[in-house]
There are 2 protein chains.
Amino acid sequence: MQRFRYIGMKLTPQRLAILDFLDGNTSHPSAEDVFQFVSKRFPTMSLATVYSTLAVLKKKGEVLELTIDPDKKRYDPETSEHHHLICLSCKRIVDMPSERRIELPERVIQNFTIVKSHIEAYGYCPACKKTITV
Amino acid sequence: MQRFRYIGMKLTPQRLAILDFLDGNTSHPSAEDVFQFVSKRFPTMSLATVYSTLAVLKKKGEVLELTIDPDKKRYDPETSEHHHLICLSCKRIVDMPSERRIELPERVIQNFTIVKSHIEAYGYCPACKKTITV
DNA sequence: GTACGTGCAAAGGTTTTGCATTACA
DNA sequence: TGTAATGCAAAACCTTTGCACGTAC
C-alpha cells in the first residue's frame with residue numbers, strides 16, 4: 001500500500017479497500033472481480049464506484065487497462081514494462097518479466113513514435129494442460 | 001478472393017460481399033465497419049449476419065479476432081504470424097511483419113505450452129504526430 | 001429437399017452517465 | 001465548508017440469441 005499513499009486522490013475507505021486489493025495483485029482482475037472483493041467489506045459498494053476509481057488510477061498511471069480478454073477489461077497494478085502469458089483455456093493471465101527491450105525494425109521506429117510495447121503469448125497453462133484435450 | 005473459394009461454407013451473396021471486403025484488407029475493421037461496407041450493396045443486410053459470418057471465418061481460421069481495441073473487437077484477414085502497431089490517438093492498427101520468432105525465456109516455455117505470440121507496440125502514427133500534442 | 005443462412009427483434013453483459021446524498025480534506 | 005466521491009438507477013454500447021422465412025447446394 002505504500003506506493004498508493006501519495007498519489008493525490010481523495011482516499012475514502014472504499015478506495016483504500018480497492019487499493020488494498022490491487023496492491024501486489026497479479027491476477028489481472030476485472031472491475032467485477034474488484035467489486036466482489038470490496039463488497040465483502042462494504043456491502044453497499046457500487047460497481048460504478050469501482051469503475052470510477054479504476055478510471056482515476058488509470059489516468060494517474062497507477063494501473064494499466066488490459067485489452068487482452070475479449071469479454072471484459074482487466075486491470076494490472078504492475079505498471080512497469082512486462083509481458084503476458086494468456087491461457088487459452090482458463091483465460092488466466094500471467095506476468096512474464098521483460099527480459100530486454102523489444103527490438104522493432106528501423107523503418108517502423110522512424111515512422112511511428114513508439115511509446116511502449118509488449119508481447120502477448122497465448123497457450124495453455126500447466127493446470128489446463130493436464131485436464132484439457134487441445 | 002481466391003483464398004476464400006474453397007473454405008467449405010455456404011457462399012451466399014452477403015457472405016461473398018463480406019469476403020470481398022475482407023480479402024487483402026489491412027484496416028482491421030470492426031463488425032460495424034464490415035456492416036457499413038456490405039450494406040451499400042445489400043441494404044437489408046443485418047449486423048447479426050456479419051457477426052455470424054465472422055464467427056464462422058474465425059472458427060475456420062480465416063480471420064483473427066483482435067482484442068486490441070478496448071471498445072470493440074476488430075478482425076484481421078491476415079492470419080500469418082505478424083505484429084501490430086497501434087496509434088494511441090486515432091486507434092489505427094498497422095501491420096508489422098514478423099521479423100523472427102519471438103524468443104521467450106526457457107522456464108516460460110517449459111511451463112506454458114505456447115501456441116502463438118505477437119508484439120503490440122503503442123505509439124503515434126505519422127499523421128497524428130503532426131497534429132496532436134502528446 | 002434439407003440443412004443452413006438471413007434478418008428482425010429482443011436479450012445479455014459490460015461500461016458509462018446523471019443525480020441526489022454523503023464525506024473527505 | 002466546499003469540492004469531490006458514493007450509490008442507485010437508467011442508459012449506452014457491443015455482441016449474442018431465438019425464431020420465422022428464404023436460399024445454396
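No value in this document is a laboratory result; all are computed from the given coordinates. Small disclaimer: the values here were computed from a predicted structure and weren't measured. Note that each Cβ is placed from the backbone with ideal geometry, even for glycine, and that neighbours are counted across all protein chains shown.
Structure notes:
- With contributions of -39500 (n - 2.57) from each DSSP H run of at least four residues, the per-residue ellipticity at 222 nm computed over chain B stands at -10000 deg cm²/dmol.
- Within straight-line cross-link reach of B:K129, lysines at Cα separation under 19 Å, skipping those fewer than 8 residues along the same chain: A:K116, B:K91
- Taking chain A as a Gaussian network of alpha-carbon nodes connected by springs under 10 Å, the highest mean-square fluctuation of the residues A:F42, A:F21, A:F112 belongs to A:F112.
- Where only alpha carbons of the protein assembly as shown are counted, the Rg and the Dmax (Å): 20.7, 61
- Taking the Kirkwood radius as Rh and the Cα radius of gyration as Rg, chain B has a ratio of Rg/Rh equal to 1.03.
- DSSP beta bridges confined to chain B are antiparallel in about 70 percent of cases.
- At the listed q of 0.30, 0.33 Å⁻¹, the Debye profile of region B:28-73, built from one uniform point per Cα, gives log10 I(q)/I(0) equal to -1.13, -1.20.
- Net charge contributed by nearby residues that have their C-beta within less than 13 Å of B:V56 (K/R +1, D/E -1): +3
- Relative contact order of region B:2-75, pairs being alpha-carbon contacts under 8 Å that are 6 or more residues apart, as %: 29
- The P(r) of region A:80-131 has a tail past 13 Å containing 63 percent of all C-alpha pairs.
- Teacher prompt: A:R92 distances to equivalent labels in other copies, 7 Å Cα→Cβ, nm: 4.0
- Here B:D23 and A:F42 are evaluated by their C-beta separation; at R0 = 41 Å the FRET efficiency comes out at 0.20.
- Value of relative contact order over chain B, rounded to a whole percent, pairs C-alpha under 8 Å and six or more apart: 20
- Charge tally in the Cβ shell below 13 Å around A:S89, where Lys, Arg are +1 and Asp, Glu are -1, A:S89 excluded: +4
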